[in-house]
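**Student:** If you scroll down you'll find the structure; I have some questions about it.
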Amino acid sequence: MSERARESAYITTPIYYVNDRPHIGHAYTTTLCDVWARAMRLRGHDVFFLTGTDEHGVKVERSAAARGIPPQDLADENAAEFQRVLSVFGLTNSDFIRTTQPRHVRQVQALIGRLLDSGSVYRGTFEGWYDESQEEYLTEAAAKEQGHRSIISGKPLVRASEENYYFRLSAFAPRLEALFRDNPGFVQPQGRFNEVLGRLRDGLQDVPITRTKFSWGIPFPGDPAHVIYVWIDALLNYVTALGLGALESGCDASRIAPGAHPDDAALARARAHLWPASYHVIGKEILWFHAVVWPAVLMALELPMPRRIHAHSFWIADGQKMSKSLGNFVDLPAIDGFIAHYGLDAWRWYMATQGPLQAADADFRAAHLHEIYTGELVNVVGNCPSRITAMIGKYFGGAMPADASGGGEWPNRCARAVQEWTIAIDSFDLAGAAEAPMRLLRDIDAFINRTEPFKVAKDPARQAELASILAQCAQSVRVAGVLLEPFLPARMADLAVALGGAGGGGSAQVAGGAGARTDLATLTRYGAIAEGTALAKCALFPRVEPAATAQP
Ligand code: MSP
């Protein structure tokens, strides 16, 4: 295995607010990360995939108050629901961080202490336009542009002033500009990169990072009348999960800070090497915090930058924004209904290939899900291996036939699909990565239609030719199946078994776990099905009627 294949890969989702129940938005981002994590495991990387919940702040305090329960109870209830969803959906996260966990609280306080010591945080008074629903101060220009209303809730902005601790964001402007100049791929897609760069050039204000108007937050070290602003608390999850708050500086695990809690020190020893993140995957609405505030905080902490931030767009419903007030969110019961009808793999497929991965929003329509299920999964991913295994059953008693031709064009075509898939995974183009094996399957179908093995079978003199055609198809389908596994893990494990393999390439393997590492070159080697192997007929995606909810 090459050096590169042993590298670690660290991917994160946003941590989700616990004042909300899980819905399609959360399921979407988490599924994208899961597909990528599985793909990188297939490539032999040591993958760490983090998700979790954001549990502090005024919104959680208010939601809990409205229900007459303590905020921690609300957080416990909804964090458990988010965790239940992860396991029901078979999502392979390596850890689940909650911002009320002592490990996080302790490390946030330590990291803020470091920011104070370095002079990046200072005490001051601030007055400005405040968006209460976003807990965010806006610049004069932004407030004016938005008509002094929140773009999220539409409520009027209020004039607020606070004695607070500030993060010296303005001081990092030149370094942030250099970061963007030197790393044109830092934020994806390109349109989002340009958006951030444009705003950066408008100038930066220091950011108040504490609040005194409410108490549901992490106490500011040395001044507990202040709680740490929920966004600073939340962003730090990406490094507290790795124990970096237990270190004296940087991410060198040999330099444990004196006084660090032993649990945090242990985390650092096991995980500090995972920083920087390969990808922070987020929705477009939280790009500013991730692309500007977070890098500046990391600079202040003398930590390396994440490699890339991918900001996807939004699922909308029947052409309209999904919102709580419109009540049109595709919620968990609706998702459960689709999964019961089409299967979990089909749901993953729809999320990863039809979603708002790039700059445009995507409309969620049940009828479209049905079209994709039938057109791609039933007619291509299911049908192609079913035809091949059925013919091998009929003409060769289910035993893998011999191919005297050496594979013809197929070894090259398979290698090309692997290469295209790999390049697409590297740039988080999951739809592109899915397309590579789909093209291979369509090519195999076209090859069958062109060579007509069912006719060749009728001529006893052409048995060797028949064997070659079907062997080439089976070998190539197996390779397509490996590349599809991150998207369709359950059905592709079935396919691997039907083709005489052990079942799946191990995309679910957890980082640091036992078991052999996988290696993509070996997994996708053309010709891995030995002559004579017993192949079984497979029916991967049954044809179904549209789901009841699929009516327009
Ligand atoms: N807690 C913050 C994030 C802190 S990260 C350090 C937060 N939480 S959230 O619960 O509101 O989740 C926001 C994320 O949910 C978005 O960034 C996106 O990943 C996902 N989505 C929410 N609605 C969505 C859609 N309609 N469509 C796609 N994803 C969206 O913000």
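The values are calculated or read from the model by the stated rules, or taken from the named source; none is laboratory data. This structure is a prediction, so every number in the text was calculated from the model and none was measured. Glycine gets a Cβ as well: all are built from the backbone with ideal geometry, and neighbour counts include every protein chain shown. Areas reflect the complete protein model, heavy atoms only, side chains present, ligands, DNA and RNA absent. Shrake-Rupley method; radii C 1.70, N 1.55, O 1.52, S 1.80 Å.
**Student:** Consider all pairwise Cα distances in segment 366-523 and report the whole-number % of them above 29 Å. Could you put the intermediate results ahead of the total?
**Tutor:** On the way: 2518 of 12403 pairs.
When every Cα pair of segment 366-523 is considered, 20 percent fall beyond 29 Å.
**Student:** Given a 1.4 angstrom probe, what's the average accessible area per residue across segment 316-398, in square angstrom?
**Tutor:** Working: 3240 Å² over 83 residues.
Here the per-residue accessible area is 39 Å².
**Student:** Let me know the charge dipole size of the chain about its Cα centre in debye, to the nearest 20, where only the beta-carbon of Lys, Arg (+1) and Asp, Glu (-1) is charged.
**Tutor:** Details: 53 positive and 60 negative charges, 193 e Å.
Charge dipole of the chain: 920 debye, to the nearest 20.
**Student:** Give me the accessible area per residue for segment 1-151, probe 1.4 Å, as a whole number in Å². Please list the in-between numbers first.
**Tutor:** Working: 5630 Å² over 151 residues.
About 37 Å² of surface per residue is accessible.
**Student:** Arrange the peptides 472-482, 394-404 so that the one whose residues have, on average, the most other Cβ atoms within 10 Å appears first. Mind showing how you got there, number by number?
**Tutor:** Values: 472-482: 26.0, 394-404: 16.0.
Result, highest mean first: 472-482, 394-404.
**Student:** Looking at LEU377, LEU242, ALA367, which one has the Cα that reaches farthest to the positive end of the dipole of the chain (charges on Cβ: Lys, Arg +1; Asp, Glu -1)?
**Tutor:** Towards the positive end, the residue furthest out is LEU377.
**Student:** Non-local amide H neighbours of ALA362 (under 5 Å, H modeled in plane, Pro and chain starts lacking H): which ones?
**Tutor:** PHE314, TRP315, ILE316
**Student:** Using a 10 Å cut-off on Cβ atoms, rank the peptides 491-498, 95-102 from the highest mean neighbour count down.
**Tutor:** Details: 491-498: 22.0, 95-102: 18.4.
Output ranking for 491-498, 95-102: 491-498, 95-102.
**Student:** Using only Cα atoms, tell me the angle between helix 58-67 and the longest principal axis of the chain; keep it within 0 to 90° and round to the nearest 10.
**Tutor:** 80 degrees
**Student:** Still on this structure, please answer the following. With unit charges on the beta carbon (Lys/Arg positive, Asp/Glu negative), name the residue among PRO208, VAL297, PRO189 whose Cα is farthest towards the positive pole of the charge dipole of segment 177-305.
**Tutor:** PRO189
**Student:** Still on this structure: Report the calculated FRET efficiency for ASP263 and ARG543 (r = Cβ-Cβ distance, R0 = 56 Å), to the nearest 0.05.
**Tutor:** 0.60
**Student:** Could you give the radius of gyration (one decimal) and Dmax (whole number) of the Cα atoms in the chain, in Å?
**Tutor:** That works out to 26.1, 91 Å for Rg and Dmax.
**Student:** State in Å² the accessible area per residue of segment 199-248; use a 1.4 Å probe, count heavy atoms of protein chains only, and round to the nearest integer.
**Tutor:** Heavy-atom accessible area per residue stands at 32 Å².
**Student:** Let me ask something else about it. Given the DSSP H assignment, sum -39500 (n - 2.57) over each helix run of at least 4 residues in the chain and divide by its residue total; what's the result at 222 nm in deg cm²/dmol, nearest 500? Before the final figure, lay out each step's value.
**Tutor:** Values: 21 runs with 240 residues, N = 552.
Rounded to the nearest 500, the figure is -13500 deg cm²/dmol.
**Student:** Could you state the angle between the C-alpha long axis of helix 463-484 and the longest principal axis of the C-alpha atoms of the chain, as a value from 0 to 90 degrees rounded to the nearest 10?
**Tutor:** 10 degrees
**Student:** Could you quote the convex hull projected area for segment 47-157, Cα atoms only and averaged over all directions, in nm²?
**Tutor:** 10.5 nm²
**Student:** Checking a compactness column here: for segment 144-190, what do you get for Rg(Cα) / (2.2 N^0.38 Å), N being the number of residues?
**Tutor:** Working: Rg = 16.3 Å, N = 47, 2.2 N^0.38 = 9.5 Å.
That ratio works out to 1.72.
**Student:** Got a sec? Charge dipole of segment 350-447, +1 on Cβ for Lys and Arg, -1 for Asp and Glu; which of ALA434, ILE423, ALA404 is way out at the positive end?
**Tutor:** ALA404
**Student:** Between SER323 and ARG255, with labels modelled 7 Å along Cα→Cβ, what's the label distance in nm to one decimal, could you check?
**Tutor:** 4.8 nm
**Student:** What nm distance separates the two modelled labels at ALA464 and ALA360, each placed 7 Å from Cα along Cα→Cβ?
**Tutor:** Result: 5.2 nm between the two label points.
**Student:** Next question. Taking amide H positions as placed 1.01 Å from N in the peptide plane, with prolines and chain starts having none, which residues 5 or more places from PHE329, or on another chain, fall under 5 Å of its amide H?
**Tutor:** Those qualifying (amide H under 5 Å, at least 5 residues apart or on another chain) are SER323.
**Student:** At a threshold of 8 angstrom on Cα-Cα distance, excluding pairs fewer than six apart, so keeping six or more, what relative contact order does the chain reach in percent?
**Tutor:** Working: 921 pairs, mean separation 90.2, N = 552.
Contact order relative to length: 16 percent.
**Student:** So, one more: In segment 106-200, what is the volume of the convex hull around the alpha carbon atoms, normalised per residue and reported in Å³?
**Tutor:** Values: hull volume 14.2 nm³, N = 95.
Convex hull of Cα atoms, per residue: 149 Å³.
**Student:** If you place +1 on the Cβ of every Lys and Arg, -1 on the Cβ of every Asp and Glu, and leave all else neutral, what size is the dipole of segment 63-164 about its Cα centre, to the nearest 20 Debye? All intermediate terms of the calculation are to be shown ahead of the outcome.
**Tutor:** Details: 11 positive and 15 negative charges, 37 e Å.
Here segment 63-164 has a charge dipole of around 180 debye.
**Student:** So if R0 is 25 Å, what FRET efficiency would SER170 and ALA65 give, r being the distance between their Cβ atoms, rounded to the nearest 0.05?
**Tutor:** It comes to 0.10.
**Student:** Can you give me the % of accessible surface on segment 216-309 that is carbon or sulfur? Probe 1.4 Å, all protein chains present, nothing else counted. Each step should come with its number before you reach the end.
**Tutor:** Values: 1550 of 2920 Å².
Within segment 216-309, the accessible surface is 53 percent carbon and sulfur.
**Student:** Taking only the alpha-carbon positions of segment 175-321 and ignoring solvent, what does the Debye formula give for the base-10 log of I(q)/I(0) at q = 0.19 Å⁻¹?
**Tutor:** Treating every Cα as an identical point scatterer, log10 I(q)/I(0) equals -1.22.
**Student:** For helix 383-396, report the angle its Cα long axis makes with the longest principal axis of the Cα atoms of the chain; keep it between 0 and 90° and round to the nearest 10°.
**Tutor:** 30 degrees
**Student:** Once you put a point 7 Å from the Cα of GLU132 and another 7 Å from the Cα of ASP519, both along the Cβ direction, what distance in nm separates them?
**Tutor:** Output for this residue pair reads 6.2 nm.
**Student:** Enumerate the amide H contacts of ALA277 below 5 Å, restricted to partners 5 or more residues apart or on another chain; note that Pro and chain-start residues carry no placed amide H.
**Tutor:** Those lying under 5 Å, H to H, from ALA277 are ARG307.
**Student:** Just to be sure I understand: of the beta bridges DSSP finds with both ends in the chain, what percent are antiparallel, rounded to 5? Write out the running numbers ahead of the final one.
**Tutor:** Details: 24 of 47 bridges.
Roughly 50 percent of the DSSP beta bridges within the chain come out antiparallel.
**Student:** If we sort 261-272, 104-115 on the protection proxy, mean other Cβ atoms within 10 Å, highest first, what's the order? Mind showing how you got there, number by number?
**Tutor:** Values: 261-272: 17.8, 104-115: 21.7.
With the highest mean Cβ count within 10 Å placed first, the list reads 104-115, 261-272.
**Student:** Just to check I understand the Karplus step: with θ = phi - 60° and J = 6.51 cos²θ - 1.76 cosθ + 1.60, what whole-Hz values come out for segment 43-55, glycine and proline as x?
**Tutor:** 7, x, 6, 8, 9, 10, 10, 10, 9, x, 10, 9, 10
**Student:** Further question on the same structure: Of all accessible surface on segment 366-523 at a 1.4 Å probe, what whole percent is carbon and sulfur?
**Tutor:** Details: 3290 of 6060 Å².
Carbon and sulfur atoms account for 54 percent of the accessible area of segment 366-523.
**Student:** Same structure again: What are the semi-axes of the equivalent ellipsoid for segment 69-131, taken as the square roots of 5 times the Cα gyration tensor eigenvalues, largest first, in whole Å? Mind showing how you got there, number by number?
**Tutor:** Numbers: eigenvalues 212, 62, 31 Å².
Working from the Cα gyration tensor, I get semi-axes of 33, 18, 12 Å.
**Student:** Between ARG450 and TYR122, what length in nm is gained on full extension when 0.36 nm per residue of separation is reduced by their alpha carbon distance?
**Tutor:** Details: separation 328, 0.36 × 328 = 118.08 nm, distance 7.29 nm.
Contour length minus Cα-Cα distance gives 110.8 nm.
**Student:** Further, regarding this structure: Pairs of alpha-carbon atoms within less than 8 angstrom and 6+ residues apart define the contacts here; what relative contact order does segment 370-490 have, in percent?
**Tutor:** Numbers: 105 pairs, mean separation 43.2, N = 121.
Relative contact order, segment 370-490: 36 percent.
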